[in-house]
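To start, the structure under review is shown below, and the notes come after it.
The values are calculated or read from the model by the stated rules, or taken from the named source; none is laboratory data. These figures come from a predicted structure and were not determined experimentally. Counting neighbours? That spans all protein chains shown, and the Cβs are built from the backbone with ideal geometry, glycine included. These accessible areas exclude ligands, DNA and RNA; they are computed on the full protein's heavy atoms, side chains included. Shrake-Rupley method; radii C 1.70, N 1.55, O 1.52, S 1.80 Å.
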Amino acid sequence: MSLRQRLARLAARLQDPQKVARFQRLCGVEAPLSRSAAAAAVPMEGEKAEAPLSGDARCRERQPGACGGPQPPGSDRNQCSAKPSGGGGAPNGVRNGLGPASPRRAGALRRNSLTGEEGELAHVSNWPLYYLFCFGTELGNELFYILFFPFWIWNLDALVGRRLVIIWVLVMYLGQCTKDIIRWPRPASPPVVKLEVFYNSEYSMPSTHAMSGTAIPISLVLLTYGRWQYPLIYGLILIPCWCSLVCLSRIYMGMHSILDIIAGFLYTILILAIFYPFVDLIDNFNQTHKYAPLIIIGLHLALGIFSFTLDTWSTSRGDTAEILGSGAGIACGSHVTYNMGLMLDPPLDMLPLVRPPITVILFGKAMLRILVGMVFVLLARIIMKKLTIPLACKIFNIPCDDVRKARQHMEVELPYRYITYGMVGFSITFLAPYIFSFIGIS
């Protein structure tokens with residue numbers, strides 16, 4: 001057997017959804033008995049799961065029953081294996097009813113606001129692992145990013161925060177585009193239990209959660225070690241803990257196969273190895289070049305338009321525009337902040353930086369910056385959302401009575417996400433620091 005054949009067989013085994021289901025059962029997640037019995041009536045499920053590696057792999061057809069052309073991965077036709085009918089598995093639209101055998105039940109998991117999908121019915125017996133992996137998966141979601149990056153920029157080290165954003169935008173953009181080029185489906189359900197379906201309408205390979213969960217801790221250590229005084233062992237502990245938690249949480253949630261996770265991890269290492277040496281140059285350009293804002297906006301917008309032409313509609317379109325808009329807004333805000341003399345980076349002769357003693361005043365100012373800053377960031381998000389969606393609908397003559405359907409048009413989703421989150425990013429690096437300086441808490 002040739003090396004190529006061996007690698008293909010290994011990849012097929014790593015993509016087997018039965019392995020995902022086995023990991024879920026090991027962690028205390030079980031499908032209801034009715035679905036388990038129905039799934040047992042499909043004995044070849046494990047073999048069918050290897051279909052994505054074959055020539056007619058993706059089963060994303062534009063016509064039901066066909067196999068070969070792309071289809072939004074959240075649809076019922078995104079798996080090659082047939083789902084049992086009657087008393088079979090709960091479809092993605094079923095109300096989530098997580099809970100162990102006892103009356104205690106879990107609250108509803110994150111719901112896909114655009115497709116209406118929710119997590120499947122399941123029994124959870126290991127609650128500490130359930131909450132641990134829920135936390136792990138949130139480390140790759142919007143709520144975490146909108147708190148993590150501002151906290152670094154406002155309270156810890158603006159330079160590290162800006163450069164983390166540059167790396168995050170690059171890694172996430174390449175990951176999202178690669179998903180839409182490869183077009184592999186999510187693990188088949190059954191046998192997998194879908195505890196979260198917020199990203200179920202996206203493709204699977206590679207896992208962008210795994211990419212983010214790898215890029216952020218590694219970049220954090222690379223950017224801070226030598227700039228700040230702390231033992232390197234702290235960073236060497238942080239990287240595997242953070243990365244493992246995020247990666248395992250995606251398998252636990254039923255969103256990714258083992259192959260998706262490994263590919264996301266290795267892809268991120270490759271991206272960092274190629275692009276990390278240029279991060280300082282990009283950040284300095286964003287701050288100091290005379291025409292940086294025009295170049296930043298034009299480049300990010302061009303990348304967004306390109307990514308929107310890769311596939312039919314899915315939530316990844318909006319996520320990509322959101323990522324690019326945030327990156328452009330933060331870069332433009334840092335340019336204005338630098339030229340106005342707000343939040344200047346410490347001179348090189350002060351390095352390495354030492355953590356200041358934590359006092360009541362220091363802690364109080366930090367909390368006040370978070371509270372005041374997040375109020376303005378969220379206000380910017382709400383206002384821009386209210387303005388951009390109706391305006392885009394009016395310009396492109398798209399009905400606006402159903403916002404969910406309207407946002408599935410590229411002409412609405414791209415400007416809405418790009419402008420709204422561009423303003424959010426601009427608020428983080430300019431508007432909020434300006435307010436901090438004005439009220440004396442900078």
Using a Förster distance of 22 Å, how high is the FRET efficiency between TYR131 and CYS241, based on the Cβ-Cβ distance and rounded to 0.05? 0.85
Using a 1.4 angstrom probe on the protein heavy atoms only, could you order TYR291, TYR230, TYR173 from most to least accessible area? TYR291, TYR230, TYR173
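Where does the stretch 328-435 land on Rg(C-alpha)/(2.2 N^0.38 Å)?
This ratio for the stretch 328-435 stands at 1.44.
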Could you compute how much accessible surface GLU142 exposes when probed at 1.4 Å, giving the result in Å² to the nearest 10? 50
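Against the globular-protein guess of 2.2 N^0.38 Å, express the Cα radius of gyration of the stretch 253-361 as a ratio, rounded to two decimals. It would help to have the intermediate numbers written out before the result.
Values: Rg = 18.8 Å, N = 109, 2.2 N^0.38 = 13.1 Å.
It is 1.43.
Where nothing but the Cβ of Lys and Arg (+1) and of Asp and Glu (-1) is charged, how large is the charge dipole of the stretch 173-281 around its Cα centre, in debye to the nearest 20?
On the way: 6 positive and 5 negative charges, 24 e Å.
Here the size comes out at about 120 debye.
Of the peptides 396-402, 266-272, 316-322, 209-215, how do they stack up when ordered by the mean number of other Cβ atoms within 10 Å, highest first? List each step's numbers first, then the result.
On the way: 396-402: 10.9, 266-272: 17.7, 316-322: 24.3, 209-215: 27.0.
Per-residue Cβ counts within 10 Å, averaged per peptide and sorted highest first, yield 209-215, 316-322, 266-272, 396-402.
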Inter-part gap, Cα centre of the stretch 189-241 to Cα centre of the stretch 134-168, in whole angstrom, is 12
Sequence of MET350, MET374 when ordered by accessible area, the most exposed leading, probe 1.4 angstrom: MET350, MET374
Enter the accessible area per residue of the stretch 243-326 (Å², integer; probe 1.4 Å; all protein chains in place). 41
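Assuming 0.36 nm per residue, please report the length gained on full extension of the stretch MET350 to ASP401 beyond their Cα-Cα distance.
Numbers: separation 51, 0.36 × 51 = 18.36 nm, distance 5.69 nm.
Taking MET350 through ASP401 to full extension adds about 12.7 nm, to one decimal.
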Compute the whole-percent fraction of alpha carbon pairs in the stretch 166-208 spaced more than 13 Å apart. 57
Dipole in debye (nearest 20) - the stretch 289-433, about Cα centre, beta carbon charges: Lys, Arg +1; Asp, Glu -1: 340
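Treating only the Cβ atoms of Lys and Arg (+1) and Asp and Glu (-1) as charged, compute the dipole magnitude of the stretch 381-442 about its Cα centre; round to the nearest 20 debye.
Details: 8 positive and 4 negative charges, 20 e Å.
In debye, rounded to 20, the stretch 381-442 gives about 100.
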